[in-house]
1. Does VAL98 fit the bill of being farther than 24 Å from VAL327 by Cα, more than 6 Å from ligand 1 (Cβ to nearest atom) and either not charged (D, E, K, R) or not in a loop (DSSP other than H, G, I, E, B) (or both)?
2. Taking into account only those residues within region 49-84 that are of a type in the set (Gly, Ala, Ser) and surrounded by fewer than 22 Cβ atoms within 10 Å (Cβ to Cβ), which is farthest from the chain's Cα centre (by Cα)?
3. Tell me, please, whether a residue that is β-branched (Val, Ile, Thr), away from ligand 2 (no atom under 16 Å from the Cβ) and out of contact with any strand residue (DSSP E or B) (no Cβ under 7 Å at 6 or more places or on another chain) can be found in region 85-106.
4. Does LEU67 qualify as being at pLDDT 95 or above and under 20 Å from LYS143 (Cα atoms)?
5. Residue pairs, Cβ under 6 Å, 6 or more apart or interchain, first in region 124-136 and over 20 Å from GLY190 (Cβ atoms) and free of Cβ contacts under 8 Å to residues at least 60 places away in the same chain, second away from ligand 2 (no atom under 13 Å from the Cβ) and hydroxyl-bearing (Ser, Thr, Tyr). List them.
6. Against the definition (touching a helix residue (DSSP H, G or I) at 6+ places or on another chain (Cβ under 7 Å) and near ligand 1 (Cβ under 10 Å from one of its atoms)), how does GLY87 come out, yes or no?
7. State all residues of region 197-221 that are farther than 16 Å from LYS100 by Cα and of a type in the set (A, V, I, L, M); if no residue qualifies, say none.
8. Any chance region 122-130 includes a residue that's away from ligand 2 (no atom under 16 Å from the Cβ) and of a type outside the set (A, V, I, L, M, F, W, C)?
Amino acid sequence: MKFETDSNLQPFNSFQFPCLAQQIYFIRNIEDLLELELHNKDYLVLGGGSNILLPEYLSKIVLKNELKGIQILEETEDYVIVQFASGEIWQDCVEWAVEKHFFGIENLTLIPGTIGAAPIQNIGAYGVEIKDCLLSVEFYQIKERRFYNLNNLDCLFSYRDSIFKKIKGFFITSVTLRLTKNSNFKLDYGDIKAELGDRIPTLKLIKEIISGIRKRKLPDPNEIGNAGSFFKNPIISKEQLQNLLLRWKDLPFYLQPDPNFVKIPAAWLIETAGLKGFQYKNCGVHKNQALVLVHYGKGQSQEIEELAQLIEEKIYNLFGISLEREVNIWK
Ligand code: FAD
Ligand code: NAP
């Protein structure tokens, strides 16, 4: 198996922070995984590095996921069941599905990273989450040397959450999706319908419309380091909402499946607190999307931690809401 010691992880994280890792193993096939002997060692799994904040030094073993392969397991007139090896790049999976004319993941276009990380936070965008078409997730518990397969219900998916945020030591090896062959577009979110106008929706067109919206609003990690939304959108009780609306009359909110709760856009809170575009040392709050913290270059990840703390304090003092971090902080 290929490995390196004292490896710089800067090219492997979308924040583009330098990080010296003790050791990195490149996992290219299942045999590489089975070979691992990590009984007394601490390790972390790395996908595309688009949802992590790295320390300056990482005294852990990094397992870089490079498992590849796409296999159709079942096909009928109406649907296909497809197993994706977990190291496949998510955007390649979207392009593959759109090319083959399979529906279900087109709204999730341009989300960086690997498909193996996608179930962990139940990736979502433009009204669709991966849970909507996910059949099962296979993972390997390295210390137990055992494979498990969880079906959709067992994954306990909810908003940016799943069972994989609660268990440890696992390496997701494949993700199986059920994609449909009949048109099943979700066009109700944001500006999709307006941009579509009177054109007939096709998979390619919807993918292009959403890609266009994203490119206009979100910073490209190849140009400015970032890890997408740094915080989750807080879910608060209706009671708390009523109190907040007394002072913040234009506070936006979205109803939740549980009618006692609503979701508040964290970007609105940060913007209203006057922090949109705010710069802190070599980092800052993005000028177009206040939920995205950015690294302008030559900074340390500690600066993002300090900035995040400053935002959290300000939001709590102003609105009484505790922001929860979406990005995974590696120590
Ligand atoms: P990594 O950052 O490598 O890892 C994330 C976490 O998962 C780490 O804790 C890691 O240890 C663990 N992990 C990764 N792979 C495995 C595995 N195979 N087995 C076990 N553990 C693993 N997210 C959304 O939900 N919606 C969006 O619209 C969205 N837009 C984004 C836009 C930008 C510009 C950026 C930079 C990020 C965005 N994200 C979005 C966040 C991110 O892309 C997703 O969370 C993505 O799924 C992370 O994939 P990754 O492979 O890069 O994971
Ligand atoms: P946006 O459209 O400006 O909306 C702001 C927030 O309000 C979103 O976070 C969204 O919650 C919520 N919202 C808007 N319309 C909604 C509706 N009809 N129903 C329920 N909730 C609604 O957001 P944006 O920043 O441009 O992002 C667009 C989409 O891409 C969002 O779905 C967002 O989650 C996703 N995205 C995610 C990341 C990440 O790193 N996680 C990064 C960039 C973009 P939801 O987040 O629940 O949709």
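The values are calculated or read from the model by the stated rules, or taken from the named source; none is laboratory data. Note that the coordinates shown come from a computational prediction; the quantities given were computed from them, not determined experimentally. Positions of Cβ are backbone-derived with ideal geometry, glycine not excepted, and every protein chain shown enters the neighbour counts.
1. When the stated conditions are applied, VAL98 passes them.
2. Residue satisfying both the conditions and the ranking: SER59.
3. Looking for residues that are β-branched (Val, Ile, Thr), away from ligand 2 (no atom under 16 Å from the Cβ) and out of contact with any strand residue (DSSP E or B) (no Cβ under 7 Å at 6 or more places or on another chain), one finds at least one in region 85-106, hence yes.
4. Yes: the conditions hold for LEU67.
5. Taking only residues 6 or more apart or on different chains, the pairs are LEU135/THR176; SER136/THR176.
6. no
7. Matches in region 197-221: ILE200, ILE209, ILE210, ILE213, LEU218.
8. The answer is no; no qualifying residue exists.
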